[in-house]
Amino acid sequence: MFLQTVGKTQLSAKEILTSPVLCLAFGFGSGLAKKAPGTFGTLAAVPIYIALVQTNIWLYSLATVLVSVAGVWICGIAANKLGEHDFGGIVWDEIAGYLITMWFVAFSWQNLLLGFVLFRIFDIIKPWPIKWIDQKISGGFGIMLDDVIAGLIAGLVLVSINLI
């Protein structure tokens, strides 16, 4: 169910989980899932979202921006340590993307689920410009940017649905 070694450098799961940066990059271990690590990474974002949504919009916004900006560094370091760009187990970008998706909607279990599904659809299908960004921009910035854009698009769709 979980990967035992990771990346071209063949880091062990223990090395991932005991390194603070890699543990964050791998979504507290959720990115070690053999199948659908992005979905498991997004699942790891749900309790973070539930904790943040109970605060005010300013703290939610600050946390979301910090997660996104720090993600450039976190994902860049992880990619270098793994020896490959945007390894599927790097899921910090999914955490940021989900928080962005949920940024401007009121909490409800329906919104939580719909936001999850919308974000996963845009992250997996990667319509333009997400696919272009994913293919053309490298490093930690590239790893983060496609999921930030997927989160923005999913969030716009979710806000639009809530307006209907």
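Within segment 83-100, the set of residues being surrounded by 24 or more Cβ atoms within 10 Å (Cβ to Cβ), closer than 21 Å to P20 by Cβ and out of contact with any strand residue (DSSP E or B) (no Cβ under 8 Å at 6 or more places or on another chain) comprises I90, V91, W92, D93, E94, I95, A96, L99.
Give segment 69-106 a look and list any residue that's within 23 Å of S160 (Cα to Cα) and within 11 Å of the chain's Cα centre (by Cα), or say none. Full working, then the answer.
Of segment 69-106, the ones within 23 Å of S160 (Cα to Cα) are 94-106.
Matches in segment 69-106: E94, I95, A96, G97, Y98, L99, I100, T101.
Report the residue count in segment 1-59 for those that are small (G, A, S), in a loop (DSSP other than H, G, I, E, B) and farther than 19 Å from Y98 by Cβ.
First pass over segment 1-59, keeping only residues small (G, A, S): 7, 12-13, 19, 25, 27, 29-31, 33, 36, 38, 41, 44-45, 51.
Still in the list and also in a loop (DSSP other than H, G, I, E, B): 7, 19, 36.
Then keep just the ones that are farther than 19 Å from Y98 by Cβ; that gives 7, 19.
The qualifying residues number 2.
Across segment 105-133, which residue is surrounded by the most Cβ atoms within 10 Å (Cβ to Cβ) among those that are modelled with pLDDT under 95 and part of a loop (DSSP other than H, G, I, E, B)? Looking at the filtered set, the residue picked out is K126.
At pLDDT below 95, among the small types (G, A, S) and surrounded by fewer than 21 Cβ atoms within 10 Å (Cβ to Cβ): does that describe S138? First the steps, then the outcome.
On the way: at pLDDT below 95: yes; among the small types (G, A, S): yes; surrounded by fewer than 21 Cβ atoms within 10 Å (Cβ to Cβ): yes.
For S138, the condition - at pLDDT below 95, among the small types (G, A, S) and surrounded by fewer than 21 Cβ atoms within 10 Å (Cβ to Cβ) - is met.
Screening L152 on (1) in contact with a helix residue (DSSP H, G or I) (Cβ under 8 Å, 6 or more places away or on another chain); (2) under 13 Å from G38 (Cα atoms); (3) not small (G, A, S) shows it passes everything except condition (2). The set of residues in segment 1-25 that are in contact with a Ser or Thr (Cβ under 9 Å, 6 or more places away or on another chain) and touching a residue at least 40 places away in the same chain (Cβ under 8 Å) comprises V6, L11, A25.
The values are calculated or read from the model by the stated rules, or taken from the named source; none is laboratory data. What you see is a predicted model; the values in this text were computed from it and never measured. Positions of Cβ are backbone-derived with ideal geometry, glycine not excepted, and every protein chain shown enters the neighbour counts.
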